1. From Cα pairs below 8 angstrom and at least 6 apart in sequence, can you work out the relative contact order of segment 257-383, rounded to a whole percent?
2. How do Arg329, Arg25 rank when sorted from fewest to most other Cβ atoms within 10 Å of their own Cβ?
3. Once you order the gyration tensor axes a ≥ b ≥ c over the Cα atoms, which shape class does segment 7-203 get: rounded for a/c under 1.5, otherwise prolate or oblate by comparing a/b with b/c?
4. Counting only residues 5 or more places away or on other chains, whose amide H sits under 5 Å from the amide H of Leu172 once H atoms are built in the peptide plane?
5. Within 10 Å, count the other beta carbons around each residue, average over each peptide in 37-46, 376-385, 348-357, and list them highest first.
6. Can you sort Leu20, Leu537 from fewest to most other Cβ atoms within 10 Å of each residue's own Cβ?
7. What net charge do the residues around Leu358 carry, taking every other residue with its C-beta under 10 Å from that of Leu358, with Lys and Arg at +1 and Asp and Glu at -1?
8. Hey, could you grab the Kirkwood Rh for segment 64-181? Inverse mean 1/r over distinct alpha carbon pairs, Å, one decimal.
Amino acid sequence: MSDQNSPSGKSRTFPDMDDLAARLRFCPQVGRIWLDDNRMIMLHNHAFGALRNELIETIGLQGARALLTRMGYASGARDAELAVKVRQGRDFFDFFNVGPQLHMIEGIVTVEPVRVESDVNTGRFYGEYLWHDSCEDEVHIASHGIGSDPACWMQIGYASGYTSIFMGRPMLFREVECRSMGHSACRIVGKPVAEWPDAEEDIRYLQPHAFANRKSQGPIVVNSRAAVMPAADAAEASRSPVKDLVGASAGFNIVCHMLEKVSRTNATVLLLGESGVGKEMFAQTLHRISARAEGPFIAINCAAIPEHLIESELFGVEKGAFTGAVSSRPGRFERANGGTLFLDEIGTLSLAAQGKLLRALQEGEIERVGDQRSRKVDVRIVAATNVDLRRGVADGSFREDLFYRLNVFPIHIPPLRDRRADIPLLLNHFLGYFCRRHGKSLTGFTQRAITSLYSYSWPGNVRELENMVERGVILAPEDGAIDLCHLFTSGERFESAVLGMDQEGHLSPVNEEPAPASGTTSPEQLVQTLLRSRIPLDELEESLLRGAVELADGNISEAARMLGISRAQLAYRLKKN
């Protein structure tokens with residue numbers, strides 16, 4: 001979707017918002033309000049003002065601003081997902097402005113578009129809007145009067161979060177005029193983070209922890225000639241590109257908060273979460289921000305060590321005939337002395353190995369295999385698992401006493417599908433890294449690629465996203481953008497519907513570029529579009545059949561007429577699928 005701007009840069013009026021208002025539902029009998037499938041609440045603006053003032057008084061002006069900005073960011077990120085459901089296939093102006101219109105439906109502010117320009121393929125974006133009658137200005141002026149700083153903190157967070165998700169890269173809006181500063185209206189301007197010379201001033205409000213997102217805000221366009229890594233960095237390049245925590249979602253920030261709290265102690269930490277969420281990365285960060293940062297960080301994957309070797313790997317061996325060792329060798333505990341020992345996939349240890357580990361944790365000392373003396377060790381234990389250890393305790397595969405020794409400070413890391421607001425930062429981070437690693441010059445991602453990345457369920461979590469972006473970097477053409485066909489090449493399946501109707505009534509894939517606003521699509525063009533999407537025939541047929549039934553409001557006969565087949569044929573095919 002490229003250069004789909006307002007004509008000649010002039011402002012346009014918003015499209016009719018009946019399609020959005022229809023998604024708002026009230027059910028007073030059970031105390032529920034929904035916007036699409038998201039639960040909403042109604043809140044007195046006076047009560048919001050009281051909460052805002054109390055935050056300012058208790059955590060300070062900067063702390064309150066940061067908290068409300070992140071709250072708005074999370075709300076905007078969620079609304080960006082709704083945009084794809086409602087207006088995919090419309091021109092960029094109508095498609096993008098789902099967010100500003102939802103902002104109005106939610107009672108926050110009246111929005112007037114001034115200038116909106118974008119080219120998703122190259123990452124170019126410029127948005128300028130006027131905000132009238134802001135609810136935040138209303139409560140701020142009532143309590144604090146006219147001042148010298150902008151006050152629409154939550155709304156700026158919303159605009160930044162919505163646009164970052166929509167564009168698939170970090171975006172930043174800034175309030176250049178504000179009613180709380182004496183202006184007649186608020187004027188906001190949004191651009192990619194890399195295009196703001198002093199973006200750090202605003203980004204700090206989105207980063208509650210200094211150890212996160214330290215290198216994730218850089219420019220996305222990479223010059224291939226300057227991007228090839230020097231030979232000295234070859235070893236570094238072979239490792240994972242994630243060296244620092246990257247994210248902005250509420251779930252990510254909660255984990256960072258827990259890390260910060262426990263980092264001041266020597267408590268044992270148990271990291272829980274699905275495979276691929278980055279448990280070792282969080283463990284490394286915990287070590288780096290703790291008082292043990294100057295000590296070693298030693299990691300061991302318990303699942304990768306054969307059972308007969310696990311004891312020598314953990315505790316070391318002593319030279320001698322008994323062990324057959326020709327030299328003494330310290331184990332991981334000794335090597336981690338004064339630092340942190342990370343035990344990954346601890347749920348795979350045998351019961352015998354669990355017993356030996358428990359003694360080391362209880363006594364704070366170890367014995368090398370073949371040795372007769374104990375050695376004191378000062379080690380902080382961070383364990384990780386993607387299995388339910390409580391269930392292991394219940395079925396006898398994991399020792400109860402070891403579980404309670406490890407479960408001092410558990411931290412659950414949510415899967416990527418539950419923190420989709422992290423995806424823009426991760427895409428930006430991985431794209432820049434792999435462009436440098438592989439010497440490629442790419443502009444970013446197409447709109448349909450971004451849409452697909454948000455609709456995918458991510459069973460492999462961050463690791464899968466990392467691999468997919470690297471695949472896209474390798475396959476995408478030089479100086480071009482990563483498209484759908486460069487990413488999903490291994491049989492990945494989408495949860496969202498594959499086909500939809502555009503505003504002209506033409507059938508098109510949800511993840512495909514929109515049809516032109518005028519004219520017709522020939523059968524040959526439609527076939528080429530579908531073939532380029534690489535959608536399996538069975539999946540295409542099923543989506544087409546069910547889409548027709550849904551469009552006909554469940555009327556099988558009407559759906560059959562749409563498809564040009566008999567009712568019996570449609571019923572048979574639906575049953576077969």
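1. On the way: 208 pairs, mean separation 38.5, N = 127.
Answer for segment 257-383 is 30 percent.
2. Values: Arg329 17, Arg25 12.
So the ranking, lowest neighbour count to highest, is Arg25, Arg329.
3. Working: a/c = 1.64, a/b = 1.11, b/c = 1.48.
Oblate, because a/c is 1.5 or more while a/b does not exceed b/c.
4. Lys191, Val193
5. Numbers: 37-46: 10.5, 376-385: 21.9, 348-357: 17.4.
Packing proxy ranking, top to bottom: 376-385, 348-357, 37-46.
6. On the way: Leu20 21, Leu537 8.
By the 10 Å Cβ count, ascending, the order reads Leu537, Leu20.
7. Values: positive: Lys356, Arg359, Arg399, Arg405; negative: Glu363, Asp401.
Result for the local shell: +2.
8. Here the Kirkwood hydrodynamic radius works out to 14.6 Å.
Where a number appears in this text, it was derived from the coordinates with a stated rule and is not lab data. Computed from a predicted structure; not experimentally measured. Because the Cβ atoms are built from the backbone with ideal geometry, glycine has one as well, and the counts that use them run over all protein chains shown.
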